[in-house]
Structure formats: structure tokens, C-alpha cells
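First up is the structure itself, then whatever we jot down about it.
The values are calculated or read from the model by the stated rules, or taken from the named source; none is laboratory data. Keep in mind that this is a model prediction, so the values were computed, not measured. Here the Cβ positions follow ideal geometry from the backbone for every residue, glycine too, while neighbour counts run over all protein chains shown.
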Amino acid sequence: MAHVITGPDMQVKLSDEYVRLVARDAFFWAWPIVNVCSRRGAFARLPHQMLQGGVLPVGPANTLTMLTDYVSPNQRAVACPNQDVVYGHAIVALDVSPVVVQVPDFGERFWVVQVLDSRTDSFAELGSMYRTPPGFYLLAGPNWVGTVPEGIQRVFVSQTSTGVVIPRVFREDTPEDLQAVQAVINQIGLYPVEAFDGTMKFMDWRQVPVSPAAQESDGRETRWVLPEKFLDMLPVALADARPLPGEAARYAQVLAVADAARKDRRLKAVFDEAVAAAERELIEPLFQFHNFGRPLRHHWSTIANGACFGTDYFMRTAVAKSNIFVNKQNETKYFYQDLDAEGERLNSAHRYTLTFAPGRVPPVKGFWSLSLYNHHHFFAPNALSRFSVGTKSPSLRYDADGSLTLRVQAAPPADGHEGNWLPSPPDGASDFSLYIRLYWPEESVLEGRWTPPAVVRLPSLSPTLRQSP
């Protein structure tokens, strides 16, 4: 009986056009996986936990580093950060060891510990919305076989060996709450299971050493996926992330072409050229929020499967390019905006308002915020050093009827009240984006019955008014 070939024939000659096709497709759907594995490779070489450049919490695999305040406007490792929470960060290597996540008693303070695999899908539930009790939780990889230590309250198993853990802890925008939050975050921990002894460990995160920045930034997010290195990174990343149901043939096709390209200099050039073109033509356009997502009223958009992408390759890559490491929507609901009510690009040459009608302020069990990002999806420096407003803001002023009007503009409001002002880039000619987060949203949000109001562009000021304070 003749042997039946059930996958790619590794001995056939491949056409350039076929190599281009497969390389282009692979670059698109594997881009987030390579992104996460590239981060693991970069941080694996670190000797200890540190604040890289004084702003980025990093450390070797299977260690956690917490910030002690809002993230710095200068960090460039992750686009669309927020100044609503105190962040932490860990890369986990579950093929090296399972890890223990240590959860303190947060009281009534909102918190969530996001746990993602290398596909940026969530595989654990830890947070206020889950009523998670204080204690110890184990994260294990797909191949782990072992005994769960006594004192572990629950085990979460990942589909990939590499993962990312990001604690988020709410703090009010006051000096008093900045001080109060320290006692809580000093009890958040993550360490290999071998270090677990059943006792709560404490860490004064203010003592974490500061290291020089890894590289100079041009204002954009760090490039974690380099087309010229994609061919070498791809097999490593796919070995880390097992095929999902239905993906085995896709994996076999891609790996066969990658193997051929590594052995043939000409095919390698074809492969590299294809992925470079895919970056320009497929990936880069997805940086703009108006190019993906579920369209809503007033040109807002949203996503419904954040951190639960499965085989939705388009949405996974679009989110990874524009604002990677989003939470599941029951944890945080996101709304994106690049355009005003008339469909024109938001630009700091103009003034805008968002008015939440009475009873239409974002409905949440946790809290909400409105953030502003420049054209690179990072904070735009301004005189107030204010990059978001919302629940955390003690100076918000509601109108007598219960409505809330937020002002988005470069100059201070003419009425002198700055509490509702979110400054846009001060150069007066930059595109920017708005971004609403609803932490622990109400059902009306998840069901689509609540959506954000229009971003209304105000008439231009006369020359006389423009010069007024």
C-alpha cells in the first residue's frame, strides 16, 4: 500500500509566489505570539527586578515588579497605558516552573491581576469582579505534572508556556490615596512554586533599583516584532504555543515554508521581503482605531472578545498592534475614538466636548476613565501632567441636572474651571485619540445598551478670545 502524505511534502520545490503567500499570512496571524515571545527573550537576560529607565517595571522570567504610582508618561514598552491604576508586570516561563500569585486583602479597592498566555488570551480569573479571596494561586504550563502544594487555593493552566501577568490596582488622584495604596501593593507577589512556603511575603517596591533605559525611543512603542528576525523567531514562538483545535494544518504549512526558507538563501530573501511588505500593508494600518472593531454610534468603536480571541486572528493582531494586553470585557470594557461627531480626525487645533446626559455617566461597579493619547498612542505632555479624568478625579464638576461635560482642548477652558479639562497636545496641530475604559462594567455596557456620547467639535475661537486667558 502506498504511503499517504498527510501534510506538506518537505522535499518539493516551492514557488516564490507560494512562499510570499504563506509568509505574509503567517506574519499577520502570528504577530502577537512573536511579540510576546520577543518580550520574554528581552527580559530573560535581566539580572534582577528593576525599573528600566526609571519607568518600566521589568525583571527576569517568573518574577514580578510593581510600580508604586501611575505609569510614567515616558514609558514606551506598551502602547495606550493608563494613569488610573498602579501597574505591575511579569513575564512567566511556565516551562521553567509553575508560579504562585500572591493576592492580598484589597478591601473595597478595585483590583485585577491579568494573566495572559502568549496569544494574549486570558487563562485566569483574579480580581474584584470575581470576588477573589486573599491567598495563593498557582499558574501552570500545559505540560506540568506535579503535586499542588498545600495552601494553594486554585490552579490555572495555560495553553502556552510563556505568559504575561499584569496587576492593576485603582488609586484615587490624591496624595492621601497614593500613600494608602502602598500597603496593599507591597503584598502583591509572584514567584516560582519552589519559593512558596505558605506565608505572605512583603516587598517594598520603592526599593526596586533603577537601571538605564534599554534604548532611545523615537516616541513610538518599542518594536517587538522585527520583519528581518521574524523567520528565526517564528518556529520558537509556535513551539511555545500549541496549535488550537483546527490549527494543526496551518502550523504544518507555515513551519514547512519557514524550514525551506532557512535552508535556501533565495527563498529567505523572498520570505523576508514578504513579511516586510506585510508589516507596511497589513499591520501598520491597524494602529488606527478607526480601522478595526465593532462600530458604534458617533464613530466610537469597541471590541467584544478582548483577551478571549481564540482563532479571531484579525482582532487579536489589531489589538496587539494598537493597544496590546487588554482585559476581558467583563473586567474592562474599552471604547476607542479617532474622530469627532462629523467624522473628522481629532486634532489639537480644535476644541471638543463630551457630554454624558443625566443618568448616562458610564455605568460601572468599579470605575471609569477617559484618556487621551497622541498619534503614537502615548501620553501628550501638558502643563497639568493630566492624561486621564474620571472616577479618580476629585475635581470633576457635574451640572445641576446631573449631566457631566468633559472638555478636550489644548488651552485651559475659558470659564477657568480646569477640573473637567483633559488637555490635548499643546502644539495645536497634532492628531490624537480618545479612549474610554469601564472597569467592571454593568450589564447595560456588556449588552450594548450604553455607548459613549459624541465628541463634539466646538466653533473656533475668534482671534480676540484666543488670546484671552
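Can you name the strands (runs of 3 or more DSSP E) wholly within region 344-390 that have at least 1 residues being under 16 Å from T405 (Cα atoms), in contact (Cβ under 8 Å) with a residue 24 or more places away in the chain and under 21 Å from the mean Cα position of the chain (by Cα)?
Numbers: elements: 352-356, 364-373, 388-390.
It comes to 364-373, 388-390.
When you scan region 202-252, how many residues do you find that are of a type in the set (D, E, K, R) and either touching a residue at least 60 places away in the same chain (Cβ under 8 Å) or in contact with a Pro (Cβ under 9 Å, 6 or more places away or on another chain) (or both)?
If we filter region 202-252 for residues that are of a type in the set (D, E, K, R), which is where we start, we get 204, 206, 216, 218, 220-221, 223, 228-229, 232, 240, 242, 247, 250.
Next, only the ones that are either touching a residue at least 60 places away in the same chain (Cβ under 8 Å) or in contact with a Pro (Cβ under 9 Å, 6 or more places away or on another chain) (or both) stay: 206, 220-221, 240, 242, 247, 250.
Within region 202-252, residues that are of a type in the set (D, E, K, R) and either touching a residue at least 60 places away in the same chain (Cβ under 8 Å) or in contact with a Pro (Cβ under 9 Å, 6 or more places away or on another chain) (or both) number 7.
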Query raised in the report: Of (1) within 20 Å of the chain's Cα centre (by Cα); (2) in the same structural domain as V55 (by TED's automatic domain parsing), V225 satisfies all except one. Which?
Result: (2)
**Report entry** Residues located in region 276-296, provided they are outside any helix (DSSP H, G or I) and not basic (K, R)
**Finding:** Q288, F292, G293, P295, L296
Query raised in the report: What residue, of T199, T147, T120, is without any contact (Cβ under 8 Å) to a residue 60 or more places away in the chain, of a type in the set (S, T, Y) and closer than 30 Å to R242 by Cα?
Result: T147
**Report entry** Breaking point among (1) closer than 28 Å to P73 by Cα; (2) surrounded by 15 or more Cβ atoms within 10 Å (Cβ to Cβ), for D204
**Finding:** (2)
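Would you check if there is a residue in region 146-156 being in a strand (DSSP E or B), crowded, with 20+ Cβ neighbours inside 10 Å and modelled with pLDDT of 95 or more?
Residues of region 146-156 in a strand (DSSP E or B): 152-156.
Checking which are crowded, with 20+ Cβ neighbours inside 10 Å leaves us with none.
No.
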Query raised in the report: Name the residues in region 239-269 that are assigned to a helix (DSSP H, G or I) and in contact with a Cys (Cβ under 9 Å, 6 or more places away or on another chain), would you?
Result: D240
Report task. Note down all Cβ pairs under 6 Å where the first residue falls in region 40-61 and is at positive phi, the second is surrounded by fewer than 18 Cβ atoms within 10 Å (Cβ to Cβ) and among the basic types (K, R), and they're at least six residues apart or on different chains. Result -> none
Report task. Report yes if some residue within region 74-95 is modelled with pLDDT of 95 or more, of a type in the set (G, A, S) and more than 16 Å from V165 (Cα to Cα); otherwise report no. Result -> yes
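Any residue at all in region 316-331 that's assigned to a strand (DSSP E or B) and crowded, with 23+ Cβ neighbours inside 10 Å? Let's see the steps before the verdict.
The initial filter retains those residues of region 316-331 that are assigned to a strand (DSSP E or B), namely none.
There is no residue in region 316-331 that is assigned to a strand (DSSP E or B) and crowded, with 23+ Cβ neighbours inside 10 Å.
Find the strands (runs of 3 or more DSSP E) located wholly in region 85-141 whose residues include 3 or more that are farther than 30 Å from S393 by Cβ, and list them. Talk me through it step by step, then tell me what you get.
Working: elements: 85-93, 99-103, 111-117, 135-140.
Because the criterion is at least 3 residues that are farther than 30 Å from S393 by Cβ, the strands (runs of 3 or more DSSP E) in region 85-141 that meet it are 85-93, 99-103, 135-140.
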Report summary line: Picking from P32, P60, the residue that is under 25 Å from G141 (Cβ atoms) and in contact with a Leu (Cβ under 7 Å, 6 or more places away or on another chain) would be P60
Report task. Determine the pairs where a residue that is of a type in the set (S, T, Y), located within region 153-173, has a partner that is assigned to a strand (DSSP E or B) with Cβ atoms under 6 Å apart, the partner being 6 or more residues away or on another chain. Result -> S158/D117; T160/D117; T160/A241
**Report entry** Among (1) in contact (Cβ under 8 Å) with a residue 60 or more places away in the chain; (2) in contact with a Phe, Trp or Tyr (Cβ under 8 Å, 6 or more places away or on another chain) - the single one M315 does not satisfy
**Finding:** (1)
